[in-house]
1. Is there a quick way to get the dipole size of the chain? I mean about its Cα centre, with the Cβ of Lys and Arg at +1 and of Asp and Glu at -1; what is the value in debye to the nearest 20?
2. When only DSSP loop residues count, what GluC sites (Glu not before Pro) in the range 17-95 have their Cβ near at most 11 other Cβ atoms within 10 Å?
3. Please check the chain for the longest run free of trypsin sites (Lys or Arg not before Pro) that are loop-located per DSSP (anything but H, G, I, E, B) and have at most 16 other Cβ atoms within 10 Å.
4. Specify which residue in the list LEU97, ALA20, PHE113 is farthest towards the positive end of the charge dipole of the chain, using unit charges on the beta carbon of Lys, Arg (+1) and Asp, Glu (-1), about the Cα centre.
5. Which number do you get for Rg(Cα) / (2.2 N^0.38 Å) in the range 19-137?
6. Can you give the extra length, in nm with one decimal, that the chain gains between ASP63 and ARG21 once fully stretched, where that is 0.36 nm per residue apart less the Cα-Cα distance?
7. With each run of n ≥ 4 DSSP H residues scored as -39500 (n - 2.57), what mean residue ellipticity at 222 nm is computed for the chain after dividing by its residue count and rounding to the nearest 500 deg cm²/dmol?
Amino acid sequence: MITAEVVLRDRLRAAGFRKARNRRWFIDQEGLWVELELQRSRYGGRSFINIGLHLDDPHGGRDPDVYTRLDVWVDRDDVEDMLLDENPQLERQLSALAEDVIIPFVRTLTVPFMRSPQGHELLGHAQISAEAARAFHYA
């Protein structure tokens with residue numbers, strides 16, 4: 001059975017993401033580093049996709065400046081059920097989600113976008129550092 005990590009790895013690599021440690025992938029979006037993390041639930045049987053934004057190169061091991069669950073930002077209620085270990089449709093569903101939703105969404109995440117009203121709406125649903133609030137003109 002194929003895992004969520006393998007599906008994401010293949011789709012994200014093809015889209016220009018670089019693999020980091022611990023089920024994390026990064027891409028530079030015009031000076032804003034976007035991180036996707038596949039996080040296993042402590043309670044077993046499922047995973048979550050987290051998204052982080054880094055103002056600087058994330059390879060120094062810093063925590064993201066902005067952090068939340070991806071399904072909060074893309075407003076999809078089916079992501080949690082999709083990432084169940086026993087999901088027989090995992091490969092097909094997650095491939096479609098990556099190609100049709102995740103990758104196009106990540107491509108919009110630039111500094112100018114995060115300074116826009118739409119970007120500020122997203123920031124309202126995330127943990128955000130003081131440095132990111134200043135950089136994105138978010139009060």
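Any read-out appearing in this document is the output of simple, stated calculations on the displayed coordinates, not a laboratory observation. Here the structure is a predicted model, which means the values were calculated and not measured. For neighbour counting, all protein chains shown are included, and Cβ atoms are generated from backbone atoms with ideal geometry for every residue, glycine included.
1. Working: 18 positive and 23 negative charges, 84 e Å.
Once rounded to the nearest 20, the dipole reads 400 debye.
2. Numbers: sites: GLU30, GLU35, GLU37, GLU80, GLU86, GLU91; in loops: GLU30, GLU86.
Here the GluC sites (Glu not before Pro) that fit, given the DSSP loop and packing criteria, are GLU30, GLU86.
3. Working: sites that count: ARG21, ARG42, ARG62, ARG76, ARG115.
The answer is 77-114.
4. ALA20
5. Working: Rg = 14.4 Å, N = 119, 2.2 N^0.38 = 13.5 Å.
Relative to the 2.2 N^0.38 Å estimate, the range 19-137 comes out at 1.06.
6. Working: separation 42, 0.36 × 42 = 15.12 nm, distance 1.35 nm.
Length gained, ASP63 through ARG21: 13.8 nm.
7. Details: 8 runs with 51 residues, N = 139.
So the helix-based figure for the chain works out to -8500 deg cm²/dmol.
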